[in-house]
1. Over all directions, what mean area does the Cα convex hull of the chain project, stated in square nanometres?
2. Counting DSSP beta bridges with both partners in the stretch 30-153, what percentage is antiparallel, nearest 5?
3. Separation between the residue 48 and residue 87 pseudo-spin-labels, each 7 Å from Cα along Cα→Cβ, expressed in nm?
4. If you take the beta carbon distance between residue 171 and residue 73 as r and set R0 to 25 Å, what does 1/(1 + (r/R0)^6) give as a FRET efficiency, to the nearest 0.05?
5. Enter the Cα centre distance for the pair the stretch 2-61 and the stretch 169-219, rounded to the nearest angstrom.
6. Would you grab the residues whose amide H sits under 5 Å from the one on residue 104? Only those 5+ places off in sequence or on another chain, please, with H modelled 1.01 Å from N.
7. Could you pull out the GluC sites (Glu not before Pro) across the stretch 34-95 that fall in loop regions by DSSP (anything but H, G, I, E, B) with no more than 13 other Cβ atoms inside 10 Å?
8. Report the antiparallel proportion of the DSSP beta bridges in the chain as a percent, rounded to a multiple of 5.
Amino acid sequence: MSSPFPSQWPAPKPVVHTGKFVVLTPTDLDGDMEELFAVGHATGQVRNLWEYLPTGPFADVSEMRAFFAKWQALADVVVFTVSCAESGRKIGMISLLRINPAHGVAELGMIWYAPSAQRTKANTEAVYLLLSHLFDELHYRRAEWKCDNANERSRAAALRLGFQYEGLFRQHMVRKGCNRDTAWFAMLDGEWPLRKANLERWLYGHEEVSLTQLNAVVA
C-alpha cells in the first residue's frame with residue numbers, strides 16, 4: 001500500500017519573507033547584530049524580555065553574535081531578523097527550529113521583539129508568514145510552539161495565533177539553572193486553512209475583530 005506522504009519534505013531555506021508590516025530576512029551576523037543588540041538591551045526593563053528565553057540578555061554585541069553564530073549553524077535551525085516593512089528598522093528575531101523534514105514538522109521559537117513592536121501586528125504577521133511557508137509552500141504536516149509554562153504571555157500568544165494546547169512536559173529542561181516545565185502547542189495542516197483565514201482577516205481586514213475569539217481555542 002502506497003503512502004500518501006512523500007519520502008521527505010523539503011527543508012525550509014534561509015530566504016526572505018515579505019509581509020505588509022514586517023520583512024523576515026535570514027539573520028546577517030555582521031550586519032544585524034549591533035542594531036538587534038541595541039533594541040534588545042536598551043534599558044534594564046527591555047533586558048527583561050530575555051527572561052524566558054534559554055539565553056540572554058547578553059553582556060555585549062560580541063557575546064550576542066557568538067551565541068547566534070552557534071544557533072544559526074545548527075542543522076535544524078533557520079534564523080530570521082524581523083524588520084519593520086515601512087522603516088526598515090530591526091525590531092526582533094524569530095527562528096524555525098527542530099526542523100524535521102523526514103516527518104514534515106517544524107517549530108517556531110526563539111522569538112523576541114523590541115518593546116516598540118510588542119502589541120502591534122509584527123509578531124502575528126511574522127508567524128503568519130512562516131506558517132504559510134511551512135503549510136502552503138512546503139506542505140508540512142505540523143507546526144509546533146513550545147514555551148516555559150510560567151510564560152503566560154507566550155502561552156496566550158500561542159492560543160491567540162491558533163495553536164492548540166497539547167500538554168505539559170514537567171521538568172522538560174533546565175533554563176538558566178532552573179527547572180523548566182514546557183507547555184506544548186501545535187497546529188496541523190488540516191487546521192491551517194481556517195487559521196490562515198482568521199489570521200488574514202485580523203491582519204488585513206478592515207473590521208475590528210479579536211483573533212483570540214476567531215480562533216477560539218480552549219487549552
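What follows draws every value from the coordinates through simple rules; no lab data is involved. It should be emphasised that the depicted structure is a prediction, and the values quoted were computed from it without experimental measurement. Cβ sites come from the backbone with ideal geometry, for glycine too, and all protein chains shown count toward neighbours.
1. One quarter of the hull surface, i.e. the mean projection, equals 13.0 nm².
2. Among the beta bridges of the stretch 30-153, antiparallel pairing accounts for roughly 75 percent.
3. Spacing of the two 7 Å Cα→Cβ label points: 2.2 nm.
4. Working: r = 28 Å, r/R0 = 1.12.
Taking R0 as 25 Å, the efficiency between residue 171 and residue 73 is 0.35.
5. Distance between centres, Cα-based: 18 Å.
6. 9
7. For GluC sites (Glu not before Pro) across the stretch 34-95 that sit outside H, G, I, E and B with at most 13 neighbouring Cβ atoms in 10 Å, the list reads 51, 86.
8. In the chain, DSSP labels about 90 percent of beta bridges as antiparallel.
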